[in-house]
Amino acid sequence: MSALASVLLVDDDPTTNFLNKLLLQRMGVTEQVLIAENGEQALRTLAQSCTNAGGPGCPKLILLDMNMPVLNGLAFLEAYVQMQLSQQPIVIVMLTTSLHPVDLARAQELPIASFINKPLTKEKVADLLAQHFA
């Protein structure tokens, strides 16, 4: 598999973002890691990178935390569905420590490719890539 042009990490924990970015870079998963600390920042990042010809490149993969301030993972997904992106669909994977059954039911109605329990590991990333980018 060739490296993805861009991956977007969406998590309010800077340490988690740092470690996930390091993992993706060490594995050679992507040429560029974009980071947003909440869903609102992620939407702005997508608007800039997926619609501007001079932007950093639309992510092929989004690793999305569920619980964040400002705009959580579910609210981000609801807004994402409304965006008019001219790019190919983005693979969105929900990273979570636990998921309330009500949230799980709601999330399954939205464009989530899969769920992964935190922390992200080399094995989980390899499985994700094999499943969605083989």
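The values are calculated or read from the model by the stated rules, or taken from the named source; none is laboratory data. Just so it is clear, the model here is predicted, and its values are computed rather than measured. Counting neighbours? That spans all protein chains shown, and the Cβs are built from the backbone with ideal geometry, glycine included.
Some notes on this structure:
- Top-ranked residue of the range 58-94 - restricted to ones that are touching a helix residue (DSSP H, G or I) at 6+ places or on another chain (Cβ under 6 Å) and farther than 25 Å from Thr121 by Cα, ranked as modelled with the lowest pLDDT: Gln87
- Filtering the range 1-51 to residues that are among the basic types (Lys, Arg) and buried (at least 16 other Cβ atoms within 10 Å of the Cβ) leaves only Lys21.
- The residues of the range 67-95 that are out of contact with any Asp or Glu (no Cβ under 7 Å at 6 or more places or on another chain) and closer than 21 Å to Thr16 by Cβ, listed by number, are Asn67, Asn72, Ala75, Phe76, Leu77, Tyr80, Ile90, Val91, Ile92, Val93, Met94.
- Residue that is nearest to Gly73 (Cα to Cα), among those in the range 87-106 that are within 14 Å of the chain's Cα centre (by Cα) and not hydroxyl-bearing (Ser, Thr, Tyr): Met94
- One residue stands out among those in the range 58-115 that are β-branched (Val, Ile, Thr) and within 19 Å of Pro14 (Cα to Cα): the one that is surrounded by the most Cβ atoms within 10 Å (Cβ to Cβ), which is Ile62.
- Residues in the range 1-19 that are polar (S, T, N, Q) and touching a strand residue (DSSP E or B) at 6+ places or on another chain (Cβ under 7 Å): Ser6, Asn17.
- Tally of residues being in contact with a helix residue (DSSP H, G or I) (Cβ under 9 Å, 6 or more places away or on another chain), of a type in the set (A, V, I, L, M, F, W, C) and in contact (Cβ under 8 Å) with a residue 40 or more places away in the chain across the range 17-45: 5
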